Amino acid sequence: MFIRFGHEFTVSCTQPTPMVCLTAAHVERSGDLMEPETLHSDRDDVPVHSYYDIFGNVVRRFVAPVGDYTFGSGGVVRDSGLIDDVPPPGAGDTPIAALPDDTLMYLMGSRYCETDLLSPVAWQLFGGIEPGWPRVQAISEFVNGRIAFNYQDADATRTAFGAFEQCKGVCRDFTHLGIAFCRAMNIPARYVNGYLGDIGVPAAPYPMDFSAWMEVFVAGKWYTLDPRHHERRIGRIVVARGRDAADVPLINSFGPHLLAKFEVWTDEVVEA
């Protein structure tokens, strides 16, 4: 199958404002792109520089001019059309001593995932559940039922512990709480954002947006886990991975700006 994806921002600045954006499809999908992802803007005089961050994500860097500046990108990607993969039956945790070195950072607490505060709760809730995928699924189910989703409840400063206490939030809050619980149970977990359209499920009654989910390291491999939806989905296009949302901001500006427009699209197409 083929998926057409893309986004467009309009920012308004009162002074030239340096920005970095993590909105490009992850390099792992380069071989699936029908053609290179195309950038567009309404200002030819604004150069854009790209580089890879420490997590291997593509970062775009530019200085937004005074006034309104519209920019975006998009493309068509070939996708398997398969739902999210799961481990084989009986897949258990990997002992900490046997974990690959590069997974250990995803056991630690981070800006939005306070494992120290949530560890006692995690062990009380999930300590008696079979280790491995059954425990991970139990965490996802609990988070899905604990938090009520509402775009109006978005809060850029809410942490995993805050989401646990307030029982409300958006996809990043579901993800942060799931990550914190997994790490507290000694399961490496990392934050992912990207495109996730309504492919194979009923259309959602709200505008398309970038989505957040998580990946957990079970039985020697990273697997997708989505506490927000708590179901296996089709057509995820990863944009960036990190310890939590602080590592992978869609837009990070080094100065004041107003986000005047933000549109996202992810649609299945018959032909590329």
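The values are calculated or read from the model by the stated rules, or taken from the named source; none is laboratory data. Nothing here was measured: the structure is a model prediction, and the numbers come from that model. Methodologically, a virtual Cβ is constructed for each residue, glycine included, from the backbone with ideal geometry; neighbour enumeration extends over all protein chains shown. Keep in mind that these areas ignore ligands, DNA and RNA; they rest on the heavy atoms of the full protein, side chains included. Shrake-Rupley method; radii C 1.70, N 1.55, O 1.52, S 1.80 Å.
Taken over the range 105-114, the residue count meeting the criterion of being surrounded by fewer than 21 Cβ atoms within 10 Å (Cβ to Cβ) and either under 22 Å from Arg158 (Cβ atoms) or at pLDDT below 95 (or both) is 4. Ala203 passes every criterion in (1) free of Cβ contacts under 8 Å to residues at least 12 places away in the same chain; (2) touching a Ser or Thr at 6+ places or on another chain (Cβ under 7 Å) apart from (2).
Quick one: count up the residues across the range 218-228 that are touching a strand residue (DSSP E or B) at 6+ places or on another chain (Cβ under 8 Å) and either free of Cβ contacts under 8 Å to residues at least 40 places away in the same chain or surrounded by fewer than 21 Cβ atoms within 10 Å (Cβ to Cβ) (or both).
The qualifying residues number 3.
Annotation: Pro89 fulfils all but one of (1) modelled with pLDDT under 95; (2) open to solvent by less than 80 Å² (accessible area, probe 1.4 Å); the unmet one is (2).
For the range 58-69, the condition of being open to solvent by 20 Å² or more (accessible area, probe 1.4 Å), aromatic (Phe, Trp, Tyr) and assigned to a strand (DSSP E or B) holds for none of the residues. Looking across the range 98-121 at every residue that is part of a helix (DSSP H, G or I) and within 22 Å of the chain's Cα centre (by Cα), the one that is farthest from Ile179 (Cα to Cα) is identified as Asp102. For the range 2-53, a residue qualifies if it is part of a loop (DSSP other than H, G, I, E, B) and under 21 Å from Met208 (Cβ atoms), and the qualifying residues are Leu22, Thr23, Ala24, Ala25, His26, Met34, Glu37.
May I ask you to say which residue of Arg135, Arg172 is assigned to a helix (DSSP H, G or I) and open to solvent by 20 Å² or more (accessible area, probe 1.4 Å)?
Arg172
Of the strands (runs of 3 or more DSSP E) lying entirely inside the range 176-244, those containing at least 3 residues that are aliphatic (A, V, I, L, M) and either at pLDDT 95 or above or within 25 Å of Met105 (Cα to Cα) (or both) span 211-218, 237-242.
Scan the range 189-200 and tell me whether some residue there is among the β-branched types (Val, Ile, Thr) and out of contact with any Pro (no Cβ under 8 Å at 6 or more places or on another chain).
Residues of the range 189-200 that are among the β-branched types (Val, Ile, Thr), as a first pass: 192, 199.
Restricting the remaining residues to those that are out of contact with any Pro (no Cβ under 8 Å at 6 or more places or on another chain) gives 192, 199.
Yes; the residues of the range 189-200 include at least one that is among the β-branched types (Val, Ile, Thr) and out of contact with any Pro (no Cβ under 8 Å at 6 or more places or on another chain).
Pairs are defined by a Cβ separation below 9 Å, a sequence spacing of at least 6 or placement on different chains, a first member in the range 85-97 that is more than 21 Å from Arg183 (Cβ to Cβ), and a second member that is among the hydroxyl-bearing types (Ser, Thr, Tyr) and surrounded by 12 or more Cβ atoms within 10 Å (Cβ to Cβ); the pairs so defined are Asp85/Tyr223; Asp85/Thr224.
Checking the range 245-254 against the condition returns a match, with at least one residue being over 19 Å from the mean Cα position of the chain (by Cα), modelled with pLDDT of 95 or more, exposed (fewer than 15 other Cβ atoms within 10 Å of the Cβ) and not hydroxyl-bearing (Ser, Thr, Tyr).
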